[in-house]
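Undergrad: This is the structure, below, for whatever I ask next.
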Amino acid sequence: MRRTLVALILALLPALALAALDKPLVPGARVAFLGMTFIDLSTEGNGVRADETERLKLLEGATRDRFAAEGFVILSNDPVAAELAGTVNPAACYGCDVRMAARLGADYVIVGEVRKVSNLVLSINLVLRDVRSGEMLRGLAVDIRSNTNDSWLRGIRYILKNHFFKS
(Lines give C-alpha, C1' and ligand atoms only; values in the text may rest on other atoms or scores of the structure.)
Protein backbone atom coordinates (compact mmCIF):
# COMPACT_ATOMS: atom_id res chain seq x y z
CA MET A 1 0.00 0.00 0.00
CA ARG A 2 2.71 2.45 1.02
CA ARG A 3 4.77 1.66 -2.09
CA THR A 4 1.74 2.18 -4.28
CA LEU A 5 1.05 5.54 -2.67
CA VAL A 6 4.69 6.66 -3.07
CA ALA A 7 4.70 5.49 -6.70
CA LEU A 8 1.47 7.40 -7.36
CA ILE A 9 2.83 10.58 -5.79
CA LEU A 10 6.06 10.33 -7.78
CA ALA A 11 4.09 9.75 -10.97
CA LEU A 12 1.96 12.84 -10.34
CA LEU A 13 4.80 15.24 -9.47
CA PRO A 14 5.66 16.14 -13.09
CA ALA A 15 1.98 16.80 -13.82
CA LEU A 16 1.71 19.05 -10.76
CA ALA A 17 4.83 20.95 -11.81
CA LEU A 18 3.42 21.46 -15.30
CA ALA A 19 0.08 22.55 -13.85
CA ALA A 20 1.87 25.36 -11.99
CA LEU A 21 3.25 26.57 -15.32
CA ASP A 22 -0.25 26.63 -16.80
CA LYS A 23 -1.65 29.04 -14.22
CA PRO A 24 -2.97 32.03 -16.13
CA LEU A 25 -1.16 35.29 -15.60
CA VAL A 26 -3.39 38.16 -14.46
CA PRO A 27 -3.30 41.17 -16.82
CA GLY A 28 -3.14 44.41 -14.87
CA ALA A 29 -0.80 42.83 -12.33
CA ARG A 30 2.30 44.75 -11.28
CA VAL A 31 5.58 43.34 -12.65
CA ALA A 32 9.11 43.99 -11.42
CA PHE A 33 11.46 43.30 -14.31
CA LEU A 34 14.96 43.18 -12.82
CA GLY A 35 16.64 42.90 -16.19
CA MET A 36 18.84 40.50 -18.09
CA THR A 37 22.31 39.37 -17.01
CA PHE A 38 25.05 38.50 -19.52
CA ILE A 39 27.24 35.51 -18.66
CA ASP A 40 30.24 34.92 -20.93
CA LEU A 41 31.25 31.26 -20.86
CA SER A 42 33.12 31.50 -24.14
CA THR A 43 36.84 31.22 -24.60
CA GLU A 44 37.00 34.75 -25.99
CA GLY A 45 37.55 36.04 -22.49
CA ASN A 46 36.64 39.57 -23.52
CA GLY A 47 33.75 39.98 -21.11
CA VAL A 48 30.73 41.91 -22.26
CA ARG A 49 31.24 43.67 -25.58
CA ALA A 50 29.50 46.93 -26.48
CA ASP A 51 27.29 45.21 -29.07
CA GLU A 52 26.23 42.58 -26.54
CA THR A 53 25.44 45.27 -23.96
CA GLU A 54 23.18 46.92 -26.55
CA ARG A 55 21.55 43.55 -27.29
CA LEU A 56 20.76 43.09 -23.58
CA LYS A 57 18.96 46.45 -23.67
CA LEU A 58 17.15 45.29 -26.82
CA LEU A 59 15.95 42.12 -25.06
CA GLU A 60 14.90 44.07 -21.98
CA GLY A 61 12.94 46.51 -24.11
CA ALA A 62 11.24 43.69 -26.06
CA THR A 63 10.28 41.96 -22.80
CA ARG A 64 8.91 45.15 -21.23
CA ASP A 65 7.02 46.01 -24.43
CA ARG A 66 5.38 42.57 -24.63
CA PHE A 67 4.29 42.61 -20.99
CA ALA A 68 2.91 46.13 -21.39
CA ALA A 69 1.10 45.09 -24.59
CA GLU A 70 -0.47 42.19 -22.66
CA GLY A 71 -1.82 44.65 -20.07
CA PHE A 72 0.72 44.34 -17.27
CA VAL A 73 2.11 47.29 -15.30
CA ILE A 74 5.92 47.42 -15.36
CA LEU A 75 7.19 48.95 -12.15
CA SER A 76 10.19 51.23 -11.79
CA ASN A 77 13.22 49.64 -10.15
CA ASP A 78 14.36 52.99 -8.70
CA PRO A 79 13.53 52.12 -5.05
CA VAL A 80 15.83 49.05 -5.22
CA ALA A 81 18.37 50.46 -7.69
CA ALA A 82 21.31 50.38 -5.25
CA GLU A 83 20.67 46.77 -4.24
CA LEU A 84 20.09 45.76 -7.86
CA ALA A 85 23.33 47.42 -8.95
CA GLY A 86 25.19 45.48 -6.25
CA THR A 87 23.68 42.15 -7.33
CA VAL A 88 25.82 40.27 -9.82
CA ASN A 89 22.95 38.17 -11.18
CA PRO A 90 19.36 38.69 -9.96
CA ALA A 91 18.43 35.36 -11.58
CA ALA A 92 20.79 33.51 -9.22
CA CYS A 93 20.76 35.39 -5.92
CA TYR A 94 18.94 33.02 -3.57
CA GLY A 95 15.62 34.84 -3.66
CA CYS A 96 16.83 38.43 -3.66
CA ASP A 97 14.75 38.93 -6.83
CA VAL A 98 11.54 38.07 -4.99
CA ARG A 99 12.51 40.19 -1.97
CA MET A 100 13.30 43.23 -4.14
CA ALA A 101 10.05 42.77 -6.08
CA ALA A 102 8.09 42.58 -2.81
CA ARG A 103 9.58 45.92 -1.74
CA LEU A 104 8.46 47.36 -5.07
CA GLY A 105 4.90 46.14 -4.46
CA ALA A 106 5.00 43.73 -7.42
CA ASP A 107 2.77 40.75 -8.03
CA TYR A 108 5.30 39.09 -10.34
CA VAL A 109 9.06 39.33 -10.82
CA ILE A 110 10.94 38.61 -14.04
CA VAL A 111 14.66 37.91 -14.35
CA GLY A 112 16.67 36.71 -17.31
CA GLU A 113 20.08 35.63 -18.47
CA VAL A 114 21.96 35.39 -21.72
CA ARG A 115 24.70 32.76 -21.59
CA LYS A 116 27.31 32.97 -24.29
CA VAL A 117 28.97 29.63 -24.99
CA SER A 118 30.65 30.90 -28.14
CA ASN A 119 30.01 33.58 -30.73
CA LEU A 120 27.81 31.01 -32.49
CA VAL A 121 25.99 29.39 -29.54
CA LEU A 122 24.09 31.39 -26.93
CA SER A 123 21.23 30.63 -24.56
CA ILE A 124 18.48 32.99 -23.39
CA ASN A 125 16.70 32.22 -20.10
CA LEU A 126 13.64 34.02 -18.76
CA VAL A 127 11.85 33.28 -15.47
CA LEU A 128 8.69 34.76 -13.97
CA ARG A 129 7.87 34.15 -10.29
CA ASP A 130 4.91 34.88 -8.11
CA VAL A 131 6.16 37.37 -5.52
CA ARG A 132 3.93 36.18 -2.69
CA SER A 133 4.84 32.50 -2.92
CA GLY A 134 8.17 32.66 -4.76
CA GLU A 135 6.79 29.96 -7.06
CA MET A 136 8.05 29.89 -10.64
CA LEU A 137 5.05 30.41 -12.90
CA ARG A 138 6.91 30.59 -16.20
CA GLY A 139 10.46 29.78 -17.15
CA LEU A 140 12.17 28.76 -20.34
CA ALA A 141 15.61 28.67 -21.90
CA VAL A 142 16.20 28.65 -25.63
CA ASP A 143 19.44 28.17 -27.50
CA ILE A 144 20.10 30.53 -30.35
CA ARG A 145 22.64 30.44 -33.14
CA SER A 146 24.64 33.54 -34.04
CA ASN A 147 25.35 36.61 -32.01
CA THR A 148 23.15 39.16 -33.79
CA ASN A 149 20.26 41.46 -32.90
CA ASP A 150 17.93 39.31 -35.00
CA SER A 151 18.87 36.02 -33.35
CA TRP A 152 18.61 37.46 -29.83
CA LEU A 153 15.20 39.01 -30.58
CA ARG A 154 14.00 35.79 -32.21
CA GLY A 155 14.95 33.91 -29.03
CA ILE A 156 13.16 36.23 -26.58
CA ARG A 157 10.10 36.49 -28.82
CA TYR A 158 9.91 32.70 -28.98
CA ILE A 159 9.98 32.46 -25.18
CA LEU A 160 7.31 35.15 -24.75
CA LYS A 161 5.03 33.96 -27.54
CA ASN A 162 5.15 30.22 -26.96
CA HIS A 163 5.61 29.91 -23.22
CA PHE A 164 4.63 33.08 -21.40
CA PHE A 165 1.60 34.17 -23.43
CA LYS A 166 0.94 31.29 -25.85
CA SER A 167 -0.35 33.54 -28.60
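Undergrad: Return yes when I156 is surrounded by 17 or more Cβ atoms within 10 Å (Cβ to Cβ), at pLDDT 95 or above and part of a helix (DSSP H, G or I) and no when it is not.
TA: It is true that I156 is surrounded by 17 or more Cβ atoms within 10 Å (Cβ to Cβ), at pLDDT 95 or above and part of a helix (DSSP H, G or I).
Undergrad: Looking at region 34-77, which of its residues are at pLDDT 95 or above and on the phi > 0 side of the Ramachandran plot?
TA: Passing the criteria: G35, G71.
Undergrad: Considering region 57-85 alone, what residues qualify as being part of a helix (DSSP H, G or I) and exposed (fewer than 13 other Cβ atoms within 10 Å of the Cβ)?
TA: Matches in region 57-85: K57, G61, D65, A68, A69, D78, A81, A82, A85.
Undergrad: Condition (residue is assigned to a strand (DSSP E or B), free of Cβ contacts under 8 Å to residues at least 40 places away in the same chain and acidic (D, E)) applied to region 124-131: is it met by at least one residue?
TA: Among the residues of region 124-131, at least one is assigned to a strand (DSSP E or B), free of Cβ contacts under 8 Å to residues at least 40 places away in the same chain and acidic (D, E), which makes the answer yes.
Undergrad: Would it be correct to say that A69 is under 23 Å from K23 (Cα atoms) and touching a residue at least 12 places away in the same chain (Cβ under 8 Å)?
TA: Answer is no for this residue.
Undergrad: May I ask you to verify whether A106 is free of Cβ contacts under 8 Å to residues at least 60 places away in the same chain and out of contact with any Asp or Glu (no Cβ under 8 Å at 6 or more places or on another chain)?
TA: When the stated conditions are applied, A106 does not pass them.
Undergrad: Give region 21-33 a look and list any residue that's modelled with pLDDT under 95 and either of a type in the set (F, W, Y) or within 14 Å of the chain's Cα centre (by Cα) (or both), or say none.
TA: The one that is modelled with pLDDT under 95 and either of a type in the set (F, W, Y) or within 14 Å of the chain's Cα centre (by Cα) (or both): L21.
Undergrad: Now, a different point. What number goes with the only condition from (1) in a strand (DSSP E or B); (2) under 20 Å from V48 (Cβ atoms) that V88 does not pass?
TA: Checking V88 against (1) in a strand (DSSP E or B); (2) under 20 Å from V48 (Cβ atoms), the one that fails is (1).
Undergrad: Quick one: is Y94 of a type outside the set (G, A, S) and at positive phi?
TA: yes
Residues checked against (1) farther than 17 Å from I39 by Cα; (2) among the aliphatic types (A, V, I, L, M); (3) under 12 Å from the mean Cα position of the chain (by Cα):
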position: A102; (1), (2), (3): yes, yes, no
position: Y108; (1), (2), (3): yes, no, yes
position: G112; (1), (2), (3): no, no, yes
position: R145; (1), (2), (3): no, no, no
position: F165; (1), (2), (3): yes, no, no
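Undergrad: What number goes with the only condition from (1) surrounded by 13 or more Cβ atoms within 10 Å (Cβ to Cβ); (2) out of contact with any strand residue (DSSP E or B) (no Cβ under 9 Å at 6 or more places or on another chain) that R132 does not pass?
TA: It is condition (1) that R132 fails.
The values are calculated or read from the model by the stated rules, or taken from the named source; none is laboratory data. Predicted model, so just to flag it, every value in this text is computed and none were measured. So basically every Cβ, Gly included, is an ideal-geometry build from the backbone, and we count neighbours across all protein chains shown.
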